[in-house]
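Peer 1: The structure that follows is given in the form of structure tokens.
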Amino acid sequence: MAEGAAVSSEPIPVSVVVLCRNEAANLPRCLAAARACRETIVVDDGSDDGSPAVAAAAGARVAAHPMESFAAQRNWAMAAAGLRCDWALHLDADEALTPEALAEIRARLPALTPDRVGFLARRVMLDGRWLRRSADYPVFVARLVHRAGPRFAMRGHGETVEAPPESAVYFQEPMLHFPFSRGWDDWRARHRRYAAAEAARLASCGAGAPWRDALSPDPARRRRAWRALSYRLPGRPLLRFLYGYVFRAGFLDGRPGFRFCRAMAWYEALIDAELRRRKRETPCA
């Protein structure tokens with residue numbers, strides 16, 4: 001945005017959809033950062049920590065729905081949560097938009113057609129510090145989707161959008177991500193579940209080696225390809241640590257960078273252990 005340009009006081013015509021389960025500690029930051037948008041809907045999966053009341057107090061509308069998966073929950077919100085806007089901006093409760101990201105969304109939204117999918121990068125935060133190097137920034141995630149456009153699908157523990165690569169629109173301004181905001185015990189518990197989901201996908205023979213995608217100009221597709229190819233390498237946990245801490249110069253992120261790289265190596269070791277167990281039980285045909 002040019003210096004001195006007028007900032008519109010009109011709400012940004014998007015419905016912000018926030019997935020929630022026991023996120024009372026994260027919701028105030030997430031919802032406050034989205035106030036410039038026309039509406040915010042918190043899709044709550046049976047929270048028992050007062051999250052619905054926190055969301056309502058912040059001006060959000062609460063829709064209760066049991067969560068089957070990230071993709072199913074986002075798709076349900078698109079179809080059944082009564083969104084007022086054609087465009088939905090999907091967030092997790094531990095994410096927060098920045099004013100710069102909101103300004104870019106406002107500026108670019110009018111030119112987007114319903115088949116396009118907006119991807120935003122996330123700045124991973126730990127101990128108040130942006131992990132610029134160790135967290136492999138920028139990692140883009142699909143977040144802005146039209147109600148008449150593509151839908152989400154699960155891939156391992158995370159979700160992607162079922163759309164051709166040419167539909168992707170990459171935003172320059174990132175949002176913030178606070179994955180450790182509920183403490184290390186919570187992070188480890190979540191990543192045990194994520195490791196099991198990722199290993200289940202791999203053990204079902206669903207991870208090929210798309211060599212041509214490794215050089216794709218599409219960053220999300222390129223990252224998925226290299227991730228798939230990494231499973232062919234021995235010693236992946238150590239390689240993951242060296243990649244983030246040495247090759248990506250994560251040591252410049254200080255102690256938070258070291259802790260993050262060590263945690264991600266632990267996560268890769270979990271995947272490998274679960275994958276070995278599942279492959280013994282259900283070998284590929």
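The values are calculated or read from the model by the stated rules, or taken from the named source; none is laboratory data. Model, not experiment: these values are computed from the prediction. Every residue, glycine as well, gets a Cβ built from its backbone with ideal geometry; the counts of neighbours run over all protein chains shown. Ligands, DNA and RNA are excluded from the accessible area calculation, which covers all protein heavy atoms including side chains. Shrake-Rupley method; radii C 1.70, N 1.55, O 1.52, S 1.80 Å.
Peer 1: Looking at region 174-187, I want the residues that are polar (S, T, N, Q) and have a partner that is crowded, with 16+ Cβ neighbours inside 10 Å with Cβ atoms under 8 Å, at least 6 apart or on another chain. Which pairs are those?
Peer 2: Cβ pairs passing all conditions: SER181/ALA25; SER181/ASN26; SER181/ASP94.
Peer 1: Condition first: buried (at least 16 other Cβ atoms within 10 Å of the Cβ) and under 19 Å from ALA142 (Cβ atoms). Can you find one or more residues in region 41-62 that meet it?
Peer 2: Scanning region 41-62, I find at least one residue that is buried (at least 16 other Cβ atoms within 10 Å of the Cβ) and under 19 Å from ALA142 (Cβ atoms), so the answer is yes.
Peer 1: Taking the stated definitions as given, is ALA88 closer than 21 Å to GLY183 by Cβ, open to solvent by less than 30 Å² (accessible area, probe 1.4 Å), among the small types (Gly, Ala, Ser) and not in a helix (DSSP H, G or I)?
Peer 2: For ALA88, the condition - closer than 21 Å to GLY183 by Cβ, open to solvent by less than 30 Å² (accessible area, probe 1.4 Å), among the small types (Gly, Ala, Ser) and not in a helix (DSSP H, G or I) - is not met.
Peer 1: Here's something else I'd like to know. Can you say whether ALA77 is buried (at least 18 other Cβ atoms within 10 Å of the Cβ), of a type in the set (A, V, I, L, M), in a helix (DSSP H, G or I) and within 15 Å of the chain's Cα centre (by Cα), as far as the supplied structure shows?
Peer 2: no
Peer 1: Any idea which of (1) part of a helix (DSSP H, G or I); (2) open to solvent by 20 Å² or more (accessible area, probe 1.4 Å) is the one ARG123 doesn't satisfy?
Peer 2: Every condition holds for ARG123 apart from (1).
Peer 1: Evaluate the following for ALA24: is it of a type outside the set (Lys, Arg) and at pLDDT 95 or above?
Peer 2: yes
Peer 1: Okay, moving on. Looking for whichever is over 23 Å from ARG123 (Cβ atoms), modelled with pLDDT of 75 or more, among the charged types (D, E, K, R) and open to solvent by 80 Å² or more (accessible area, probe 1.4 Å) here; the options are ARG236, ARG276. Which one fits?
Peer 2: ARG276
Peer 1: List pairs: first in region 86-112 and farther than 22 Å from ASP45 by Cα and in contact (Cβ under 8 Å) with a residue 24 or more places away in the chain, second among the basic types (Lys, Arg) and outside any helix (DSSP H, G or I), Cβ under 6 Å, 6+ apart or cross-chain?
Peer 2: ASP86/ARG147
Peer 1: Taking region 131-173 only, how many residues are within 26 Å of GLY254 (Cβ to Cβ), touching a residue at least 40 places away in the same chain (Cβ under 8 Å) and of a type in the set (Phe, Trp, Tyr)?
Peer 2: Number satisfying all stated conditions: 1.
Peer 1: OK, next. Please state which of the following conditions LEU270 fails to meet, knowing it meets all the rest: (1) among the aliphatic types (A, V, I, L, M); (2) open to solvent by 30 Å² or more (accessible area, probe 1.4 Å); (3) without any contact (Cβ under 8 Å) to a residue 40 or more places away in the chain.
Peer 2: (3)
Peer 1: Of everything in region 22-39 that's touching a Cys at 6+ places or on another chain (Cβ under 9 Å) and not in a helix (DSSP H, G or I), which residue is farthest from ASP92 (Cα to Cα)?
Peer 2: The selected residue is ARG38.
Peer 1: Right, another one. From the set of residues in region 126-160 that are of a type in the set (Asp, Glu) and open to solvent by 40 Å² or more (accessible area, probe 1.4 Å), which is farthest from VAL246 (Cα to Cα)?
Peer 2: Among those residues, the one meeting the criterion is GLU159.
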